Amino acid sequence: MYAIPFLICFPLFVAFLLAFAGKGKAGNVITIGGAGIIMLSSVVFFIYCALNGFEGMELFFETEFADRLILLGEILLMILVTFQCFKHRKYWISLLSIVPTCMIAYMELTGEHEEIAHIYVDRLSALMCLIVGIIGSLIIIYAVGYMDGYHAHHKEIEDRRYYFFLLLFVFMGAMYGFVLSSSLIWLDFFWELTSVCSFMLIGYTRLEEAVTNSFRALWMNLFGGLALAIGIVYYHHFVGDLSFREFIEEGIAGNPYSVIPITLMAFAALTKAAQLPFSPWLLGAMVAPTPSSALLHSATMVKAGVYVLIRLSPAFQDAVTEELTMTGSMISIIGGFTFCVASVMAIAQADAKRVLALSTVSNLGLMVACAGVGTPETIWACIFLMIFHAVSKALLFLDVGATENSLFSRDIENMHGLLSRLPRLAVFMFIGIAGMFLAPFGMLISKWSALRAMVDEKSMMTLIFIVFGSATTSFYWSKWMGKIIAHVNLETTTPVKDVTKKSELFSLWIEAVLMILLCILFPLLSKIYVDPLLDDMFASNGEVLPMSILYMLVVIITFVFAIPLITSAYAQHLASNTKMSYMGGINTGTNHNFVDSFGEPKKLFLTNYYFATRIGVRKLMLPSQIITLAILLLMGCIIFGGAL
């Protein structure tokens, strides 16, 4: 099947072309053309898999030449990381690359290996390819227009946009390789490649803060990569196999030699998914240009961790007792705690990108908790959360970037009345927020399904985290949504010019339409795709929720999406008929100024309260990291002690 090498290698080929493109129009043509071809190829690949019934396909057994290239690539990544660490005097971080690379290289060059399939295609990997291909390509197309405005506003930053695009394409190729790999060696290489790409994207601006944050992201992800490499070497030493599928099957069967490797791989997934205590690396990624933030937060980097946990989820149930294993308990508790605490910290944020970042960490926590429980119901919820989160979060990040270029601010308070001032961007923002917490799987059904499964599994601690996390999630999204749909008097408001470029609008429109279609078609998606996927994973047959309930929710959500469209149509009329507020004095004709009873001019400020000094990141992050680190150490010692 030649489509798979094309999906992995073509983005790398486009990146190679961009290395010589320069700053002219040729670079834009290569970028947009390459992204378009990747998007189309992903759709064609998915259709091909659908026509073949999504039957699991094991491919590429004899790959000696490719194996050598993979090993060479891993060594080159180690050299690059070591060079950057020594350049910036972060010497100890280089060990996190040198040690696992030497371990993997020694194992591959000295050991005997059984012939295995290096690529495996099924419903889950095909779905991930579709998400990466569509959302990732739309982000790259958006970036072509966005980077013009970005460098116009940030003249202190060197314009290296085609280096930026190059990294985005390498990232895409790495993600394709990651989700399609059935060889643990290949999986490890593409894992490391995504870590290095994220490091270079976060440090794009070369500012001091960007460099600091990029190295934080690097060491946290490399630390997870070290755990992954140790798990692979341990498993190969005792079992003698390097197949990812066989690795999972051994875990499901209860092979005692698979307990430690599965725990180490699950731990690595926690670092990649930015779960506490490793969440700061994803929050620090906000210093990078918006397209890289969108790519890291929506379709690629963080989803790699969730993807691994979904793959491992059947092994989190004990084969004999059919109860949750200690590893599954550890993952679900960490995920639930992260979901709750990150959503609380999001309440204290006025910066839109930081709200989106903490929302990402929070929602990833819910996905991780669902994957940790490892039942058909929770994996059903996890998969839909992953789909909805990828589309809606990409839409929100890109829309916030476009709004910032027009408002010169991404403060939520400055978005007051955005529906009247920038109606097109406000509608996109409303749709993205609705997809996150009003749409059935963003807020209601997926969380309800997860809660029901937690009750069945008697995971009371995780249950409490999800209940309180859901409540705080509603709080910060409602606060933001209320700001953008509020009406303002346009005659007394500073006019704003929409400077959104065509390439940006192209991506925003498609993502908004995709979000609405997902909400309308989710019962069909559940019936024809997700339910069969669960049958393949758990050999279970049955609907998680009755179709009648799902169809009823489609009707409800349709009315939700009608709100901004109806309001936008009458925005000008409502704004022109806005009545002045009574401010306890002489109204000056605006809703911002008045004269008090002593004749003194006063200004009126209407703003949300953010509790920043009480529940902000500076207040809660360190204690949360200490708590989760203690949980990991305690439960890790129990797991390793029992296995050894």
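Using the Cα centre of the chain as origin and beta-carbon charges of +1 (Lys, Arg) and -1 (Asp, Glu), tell me which of Ser474, His154, Ala342 is placed farthest towards the positive end of the dipole.
Going by the Cα projections, it comes out as His154.
Angle, helix 547-569 long axis vs. longest principal axis of the chain, Cα atoms, 0 to 90°, nearest 10?
40
Which shape class applies to the range 12-158: rounded if a/c is under 1.5, otherwise prolate when a/b exceeds b/c and oblate if not, where a ≥ b ≥ c are the square roots of the Cα gyration tensor eigenvalues? Show your work: numbers first, answer last.
Values: a/c = 2.45, a/b = 1.10, b/c = 2.22.
Oblate, because a/c is 1.5 or more while a/b does not exceed b/c.
Where a ≥ b ≥ c are the square roots of the eigenvalues of the C-alpha gyration tensor, would you call the range 1-308 rounded, which needs a/c under 1.5, or, failing that, prolate if a/b is larger than b/c, or oblate?
Numbers: a/c = 1.85, a/b = 1.29, b/c = 1.44.
Since a/c reaches 1.5 but b/c is at least a/b, the shape of the range 1-308 is classed as oblate.
Quick check on the range 97-147: take the gyration tensor over C-alpha atoms, sort the square-rooted eigenvalues as a ≥ b ≥ c, and tell me if it's rounded (a/c under 1.5), prolate or oblate.
Values: a/c = 5.28, a/b = 1.78, b/c = 2.97.
Note, shape of the range 97-147 comes out oblate.
Where does the charge balance sit around Glu246 when Lys and Arg score +1, Asp and Glu -1, over other residues with C-beta under 13 Å from its C-beta? Walk me through the numbers before you get to the answer.
Values: positive: Arg245, Arg311; negative: Glu58, Glu114, Glu115, Asp241, Glu249, Glu250.
Once all neighbours under 13 Å are counted, the net charge is -4.
For Gly231, what charge total do you get from the other residues with a beta carbon under 15 Å from its beta carbon, if Lys and Arg give +1 and Asp and Glu give -1? Present the calculation step by step, with values, prior to reporting the outcome.
Details: positive: Lys272, Arg311; negative: Asp188, Glu192, Asp241, Glu246, Glu250.
Result for the local shell: -3.
Please name which of Leu18, Thr63, Cys637 has its Cα lying farthest along the dipole of the chain towards the positive end, using unit charges on Cβ (Lys, Arg +1; Asp, Glu -1) and the Cα centre as origin.
Comparing the listed Cα positions along the dipole, Leu18 ranks first.
Determine the distance separating the Cα centre of the range 34-80 from the Cα centre of the range 162-228; give it in Å without decimals.
17
Under 5 Å between amide H atoms, partner at least 5 residues away or on a different chain: which partners does Ser183 have, H built in plane at 1.01 Å?
Hits under the 5 Å cutoff: Phe244.
Can you work out the Karplus-derived ³J(HN,Hα) for every residue in the range 332-344? Use 6.51 cos²θ - 1.76 cosθ + 1.60 with θ = phi - 60°, whole Hz, and x for glycine or proline.
Along the range 332-344, the couplings run 5, 5, 4, x, x, 5, 4, 4, 5, 5, 5, 5, 5 Hz.
Going by accessible area, probe 1.4 Å, with all protein chains left in place, what is the ranking of Trp186, Trp219, Trp509, largest first? Display every interim value, and only then the final one.
Details: Trp186 25, Trp219 75, Trp509 140 Å².
Largest accessible area first, the residues go Trp509, Trp219, Trp186.
Which ³J(HN,Hα) values in Hz, rounded to whole numbers, follow from the phi angles of the range 396-404 under the Karplus curve 6.51 cos²θ - 1.76 cosθ + 1.60, where θ = phi - 60° and Gly and Pro get x?
Going residue by residue, I get 5, 4, 5, 5, 5, x, 5, 5, 4 Hz, with x marking Gly and Pro.
Over the chain, with every protein chain in place, what whole percent of the accessible area is carbon and sulfur at 1.4 Å, could you tell me?
Details: 16830 of 25290 Å².
With neighbouring chains kept in place, the figure for the chain is 67 percent.
List the GluC sites (Glu not before Pro) within the range 304-398 that fall in a DSSP loop (any state other than H, G, I, E or B) and whose Cβ has at most 10 other Cβ atoms within 10 Å. It would help to have the intermediate numbers written out before the result.
Details: sites: Glu322, Glu323, Glu377; in loops: Glu322, Glu323.
Sparse-neighbourhood loop GluC sites (Glu not before Pro): Glu322.
Accessible area per residue, 1.4 Å probe, Å², for the range 1-155: what's the number?
Numbers: 7740 Å² over 155 residues.
Here the per-residue accessible area is 50 Å².
On a 0 to 90° scale, report how tilted helix 352-373 is relative to the longest principal axis of the chain, with both axes built from alpha carbons and the result rounded to the nearest 10.
The angle comes out near 40 degrees.
Top to bottom by accessible area (1.4 Å), largest first, where do Leu109, Leu180, Leu130 land? Mind showing how you got there, number by number?
Numbers: Leu109 110, Leu180 0, Leu130 40 Å².
I get Leu109, Leu130, Leu180, largest accessible area first.
What is the set of long-range amide H partners of Asn593 at a cut-off below 5 Å, with H atoms built 1.01 Å from backbone N?
Those qualifying (amide H under 5 Å, at least 5 residues apart or on another chain) are Thr588, Leu604.
For n ≥ 4 DSSP H runs only, could you compute -39500 (n - 2.57) per run for the chain, divide by its residues and tell me the 222 nm figure to the nearest 500? Each step should come with its number before you reach the end.
Values: 26 runs with 457 residues, N = 644.
Estimated from H runs of four or more residues: -24000 deg cm²/dmol.
Apply 1/(1 + (r/R0)^6) to the Cβ-Cβ distance of Ala3 and Leu620, taking R0 = 35 Å, and write down the FRET efficiency to the nearest 0.05.
On the way: r = 46 Å, r/R0 = 1.32.
So the FRET efficiency works out to roughly 0.15.
Calculate one ³J(HN,Hα) per residue across the range 141-148 by plugging θ = phi - 60° into the Karplus curve 6.51 cos²θ - 1.76 cosθ + 1.60, and present them in order as whole Hz with x for glycine and proline.
Per-residue couplings from phi come out as 4, 4, 5, 4, x, 4, 5, 4 Hz.
So which trypsin sites (Lys or Arg not before Pro) in the range 77-113 pass both tests, a DSSP loop state and at most 11 other Cβ atoms within 10 Å of the Cβ?
For trypsin sites (Lys or Arg not before Pro) across the range 77-113 that sit outside H, G, I, E and B with at most 11 neighbouring Cβ atoms in 10 Å, the list reads Arg89.
Going by Cβ distance under 4.7 Å, what cysteines of the chain have no possible disulfide partner?
Cys with no partner Cβ under 4.7 Å: Cys9, Cys49, Cys85, Cys102, Cys129, Cys197, Cys340, Cys519, Cys637.
Specify which residue in the list Ile230, Phe169, Gly305 is farthest towards the positive end of the charge dipole of the chain, using unit charges on the beta carbon of Lys, Arg (+1) and Asp, Glu (-1), about the Cα centre.
Result: Phe169, furthest along the dipole toward the positive end.
How would Lys353, Lys502, Lys603 rank on accessible area, largest to smallest, probe 1.4 Å? Show your work: numbers first, answer last.
On the way: Lys353 5, Lys502 180, Lys603 135 Å².
Ranked list, largest accessible area first: Lys502, Lys603, Lys353.
Out of residues 5 or more away from Leu324 or on other chains, whose amide H comes under 5 Å of its own, with H placed 1.01 Å from N in the peptide plane?
Asp318
Compute the angle between helix 460-485 and the longest alpha-carbon principal axis of the chain, please, reported from 0 to 90 degrees and rounded to the nearest 10.
So the helix axis and the longest Cα principal axis differ by about 40 degrees.
Rounded to the nearest 10 Å², what accessible area does Arg160 have for a 1.4 Å probe in the complete protein model?
Answer for Arg160: close to 40 Å² accessible.
Quick one: dipole size for the chain, taken about the Cα centre, charges +1 on Lys/Arg Cβ and -1 on Asp/Glu Cβ, in debye to the nearest 20. Provide the component values of the computation, followed by the final result.
Details: 37 positive and 44 negative charges, 567 e Å.
Dipole magnitude for the chain comes out near 2720 debye.
The values are calculated or read from the model by the stated rules, or taken from the named source; none is laboratory data. Keep in mind the model is a prediction, meaning the values are calculated, not measured. FYI the Cβ positions are ideal-geometry reconstructions off the backbone, even for glycines, and counts take in every protein chain you see. Just so you know, the surface numbers come from the protein's heavy atoms only, side chains and all, with ligands and any DNA or RNA stripped out. Shrake-Rupley method; radii C 1.70, N 1.55, O 1.52, S 1.80 Å.
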